[in-house]
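Enquirer: Below is a structure I'd like to ask you about.
The values are calculated or read from the model by the stated rules, or taken from the named source; none is laboratory data. Quick caveat, the model's predicted, so the values are computed rather than measured. Ideal geometry is used to build each Cβ from the backbone, glycine not excepted, and the neighbour counts take in all protein chains shown. Please note that ligands, DNA and RNA were not included when accessible areas were found on the heavy atoms of the full protein model with its side chains. Shrake-Rupley method; radii C 1.70, N 1.55, O 1.52, S 1.80 Å.
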Amino acid sequence: MNISLKSPLDMHVHLRQDDMLRQVTPFTSEQFVGAVCMPNTLPPVDNLERYTSYISNIKDAAAPHSFEPYVPLFFRSDYTREELSSAREQLFGIKLYPAGVTTNSEDGVAELKLIEPVLEIMQDLDLPLLVHGETSGYSPDREREFVDVYDHLATTFPKLRITMEHITTKEAVEFLDKHPNVFATVTLHHLLYTMDDMLGGLFNPFLFCKPILKSAEDRDAIQQLVLSGHAKVMFGSDSAPHTEILKRTEGMAGCFTAPVLLPMLAQFFEDHDQLDLLQAFVSDHARKIYGVHPPERTVVLEREEWVVPPRYGSIVPVNAGETLRWKVV
Ligand code: DOR
Ligand code: ZN
C-alpha cells in the first residue's frame, strides 16, 4: 500500500545557514516541494539583499529537487511603505517575533505598540503577517496570554491575513474561528506530545522547544482541530535543528523533526482512520490560504518499517531509535 501526496508543503521550518543549511535542507526538499523558511538567521533576513541571497542558498541546498522557499521577512518596525511596496511582488510575508521569546529573536519587536504603522502598510499591500505568538510571561501561559494580542491585531486590521504559528493550546484553537483573517499552523510535535513526554521521566532535551509542549487537554484540542479537517489549519513543522552539544550544554530550544515528518504524519492520520485528510493538511489548505502555486511533484510513502537513526551528523532527531511504519520512497 502506498500514499501519494500532491505537492506537500511545510509551512514553517528553520533551515539555518551555511553548513547547517546544506546538511538539513535535503530532508525538507525530499519530502516537500516548498516550505516557509523562517528568517531568524544570524543576522536575520530583514532586507531585500539578504532575502534574495537566502532564497538562492536554500535552492542550491535543495537541489536536485525543485523546491520553492517562501521566506517571510523578519519584522522590523521601521520598514517603509516604499521599501515594502517596491518589493511586494517578490515577498511572501513578514514574520513577527516578540524580542527574546525564542532562538535568535533578540532583534525582534520589543514594543508591540510600535508595529501598527507597518501592519497598516502590510494590510494595504495584502502582505501576510506570520506571528510567533508568545508573551514573556510564565512559560506554559505565554501563548494563552498572547491571544489578546491576536484579537487586537485581527480586529484593528481586518483585511490583514494573520497566521498564528505553531499553535499549542485549546485557547488558540477556540480563537481561530473568531476572525475570518486568522489562520494557524500546527507542528508534528505539538500534535503528538505533551510536556510529560519531555520531562515526565528523565528530561528529553530533544523535545524542548518554544512554545513549550503543553497538557494532554491542549494536545487533544490540537488533535481534534486537525482531525476536523479545518481549512484554516496548515501543517508547519517548526523543525528547528541545533547540534546535540548545544542542545545538551546550552539548552537550545527546537525540535529537529525534518527527517520523520511525512512518515509520522501518515502514522497519526492512519491511527485515527483519517488518512484522507492528510493531503489537505500538508498542502491544499496552505495553497488556498496563501494563493501559492508550488512546483508540481508527487511524493510517495510506502508501507515499510525503518528505524530513525540516533543522529544525523551532529543533530539528534525527534523519535531517534523508534521504528516507523511509513517510509518516503
Ligand atoms: O523551539 C523553537 N526553536 N521555537 C522557535 O520558535 C524557534 C526555533 C529555532 O529557531 O530554534
Ligand atoms: Zn519556528
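Enquirer: Could you count how many residues in segment 32-45 are more than 16 Å from ligand 2 (Cβ to nearest atom) and open to solvent by 10 Å² or more (accessible area, probe 1.4 Å)?
Expert: Keep residues of segment 32-45 that are more than 16 Å from ligand 2 (Cβ to nearest atom), which gives 33-34, 43.
Applying the additional criterion that residues be open to solvent by 10 Å² or more (accessible area, probe 1.4 Å) yields 43.
The number of residues fulfilling the criteria is 1.
Enquirer: Here's another thing I want to ask about it. Output the qualifying pairs, or none if there are none: Cβ atoms under 7 angstrom, residues six or more apart or on different chains, first residue in segment 74-101 and open to solvent by less than 60 Å² (accessible area, probe 1.4 Å), second residue among the basic types (Lys, Arg).
Expert: Within 7 Å, the pairs are Phe74/Lys95; Phe75/Lys95; Val101/Lys210.
Enquirer: On to the next question. Sort out which residues of segment 5-18 are open to solvent by 40 Å² or more (accessible area, probe 1.4 Å) and either within 14 Å of Lys59 (Cα to Cα) or hydroxyl-bearing (Ser, Thr, Tyr) (or both), and write them in order of number. Spell out how you get there, then give the answer.
Expert: Let us first name the residues in segment 5-18 that are open to solvent by 40 Å² or more (accessible area, probe 1.4 Å), namely 6, 17-18.
Gln17, Asp18, listed by residue number.
Enquirer: I'd like the full set of residues that are under 14 Å from Phe74 (Cβ atoms) and open to solvent by 70 Å² or more (accessible area, probe 1.4 Å), limited to segment 49-63.
Expert: Glu49, Arg50, listed by residue number.
Enquirer: Now, a different point. I'd like to verify a number: residues in segment 149-180 that are out of contact with any helix residue (DSSP H, G or I) (no Cβ under 6 Å at 6 or more places or on another chain), open to solvent by 60 Å² or more (accessible area, probe 1.4 Å) and assigned to a loop (DSSP other than H, G, I, E, B), how many?
Expert: Within segment 149-180, residues that are out of contact with any helix residue (DSSP H, G or I) (no Cβ under 6 Å at 6 or more places or on another chain), open to solvent by 60 Å² or more (accessible area, probe 1.4 Å) and assigned to a loop (DSSP other than H, G, I, E, B) number 4.
Enquirer: Now, a different point. For segment 126-148, what are the residues that are open to solvent by 50 Å² or more (accessible area, probe 1.4 Å) and of a type in the set (S, T, N, Q)?
Expert: Ser136 - this is the single residue of segment 126-148 that is open to solvent by 50 Å² or more (accessible area, probe 1.4 Å) and of a type in the set (S, T, N, Q).
Enquirer: I'd like the full set of residues that are open to solvent by 60 Å² or more (accessible area, probe 1.4 Å), outside any strand (DSSP E or B) and farther than 21 Å from Ala35 by Cα, limited to segment 266-308.
Expert: Within segment 266-308, Asp271, His272, Asp273, Asp276 qualify.
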